[in-house]
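Please read the structure below before turning to the comments.
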Amino acid sequence: MLPRTARNVTRGAELLFPNTLLQRCSPSTLLIAKSKSSARIEPPSVATASRLIAGGPSSIRRSVSSLVSNVIGTGSSGTQLIPPVAEEAKRLFVFQRTANFTVQARNYPMTEAQHALWAENAGEMRVKMRANVITGAGDAFMTDEFRAHQQQDAHAFTPQERQAIFEERWRIGGGSTLMGAFRNVMTDEATNEIVSNFVRGKIREVVVDRQTAEDLQPSGFPIGAKRLCVGTDFYETFNRPNVELVNLRREPIVSITPTGIQTEARHIELDAIVFATGFDAMTGALTSIDIVGSSGRALREDWRDGARSYLGLTIHGFPNLLTIGGPGSPSALTNVVMANEQHVDFIGGLLAHLRAQGFTRFEASEAAQQNWATHCAAMAERTLFGRADSWYLGANVPGKPRVVLPYTGGFVPYREKCDAVASSAYDGFTMR
């Protein structure tokens, strides 16, 4: 648990520490650097994550070059920021509360042959993506023969065969590439532990210092139950002489001071602090808006006991409100661009139907919304997603109800359900 002052900053509170400059880098990442003037507090400087990341190395270089820096958090934001920050900082302290699983991105410029392959087969690949045969990640360039084992359980293969499959997918890179090795990775504990142990072995192979390697070992939750991190040379970064991992389980933060961070064991002098401590996923962007339903009840009140929707697209009591990628849709558990395209297609058909029938108002019926919530819960129970304190459940936000927010039944069954709703004149919607 971060100290209250740090939690306030990550929630966007207008709180400045003495002699510091607060710069927002993204909804989940804040950069605090010492003010150039020790005599006064500079006003906050604001930047977006897209500016920091799209700016590439030069953007990070301007922020932390030659500074003694710190990153708090080793989730997705931290995983992506830590390696380039380590390259530019004089020294980097990485504060980790919970070790997460990270796989290699293996990003590289596409070859001419790959460009040609995509151009020649784009239509076929798009059909396969919509059927979830390929996800749009590294497996887009796998052979059909290599992808065949994705439709089988891991137990159908010998340990040697599984290891060979994992090694090849690790070489290719990408989160869904590894997690899609077998069809039962997120439904069978034994299979999940096999994949988990493979990644743990990779960490021990890469990280030289034994204690650091052990501190980076994820434990206590299935791989994939927390958002799987995808990075570049994340574990390799801890072999750099200017990088130190601080295990907050052994050395908790006591306070943030005018010159650094006080832990229970020591005071660490710092020039810059990066907060990569997460965000209110899937619902926060909506509940932060003052959305009021037809009964006068605010959406944040309606969702106080847990987010409910119909298909993740519409909410009973909130007519004419559509939420692309909302809770109750596959969203973050599939290719997000593909999922959003499917939502836009569905919404287009819905609007055309409304226009054709002369309707101007629609919303989900209460019964349809409840039935969908029951179905989503039943699907989640068949998986391992509920076995971790993750933002998939809202566990990272104090007081937020623990509900598996994305639809876990798979993109194809979800799309088929939406198609069935559309073909039945939008069953589950009330219109007038």
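The values are calculated or read from the model by the stated rules, or taken from the named source; none is laboratory data. It should be emphasised that the depicted structure is a prediction, and the values quoted were computed from it without experimental measurement. Reconstructed Cβ throughout: ideal geometry from the backbone, glycine too, with neighbour counts over all protein chains shown.
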- Unmet criterion (only one of (1) touching an Asp or Glu at 6+ places or on another chain (Cβ under 9 Å); (2) over 23 Å from residue 287 (Cβ atoms)) for residue 391: (2)
- Message: Considering only residues that are touching a helix residue (DSSP H, G or I) at 6+ places or on another chain (Cβ under 6 Å) and surrounded by fewer than 17 Cβ atoms within 10 Å (Cβ to Cβ), which ones fall in region 339-363?
- Response: 349
- Test residue 247 against the stated conditions and say whether it is among the polar types (S, T, N, Q), under 13 Å from residue 72 (Cα atoms) and in contact with a helix residue (DSSP H, G or I) (Cβ under 7 Å, 6 or more places away or on another chain). yes
- Report those helices (runs of 4 or more DSSP H) wholly inside region 225-338 carrying at least 2 residues which are surrounded by 18 or more Cβ atoms within 10 Å (Cβ to Cβ) and either among the polar types (S, T, N, Q) or free of Cβ contacts under 8 Å to residues at least 24 places away in the same chain (or both). 299-302
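Restricting to region 369-396, give me the number of residues that are of a type in the set (A, V, I, L, M, F, W, C) and either buried (at least 20 other Cβ atoms within 10 Å of the Cβ) or outside the structural domain of residue 310 (by TED's automatic domain parsing) (or both).
Qualifying residue count, region 369-396: 8.
So if I check each of 367, 378, which one is more than 29 Å from residue 101 (Cα to Cα), outside any loop (DSSP other than H, G, I, E, B) and either without any contact (Cβ under 8 Å) to a residue 24 or more places away in the chain or among the aliphatic types (A, V, I, L, M) (or both)?
That would be 367, the only listed residue that is more than 29 Å from residue 101 (Cα to Cα), outside any loop (DSSP other than H, G, I, E, B) and either without any contact (Cβ under 8 Å) to a residue 24 or more places away in the chain or among the aliphatic types (A, V, I, L, M) (or both).
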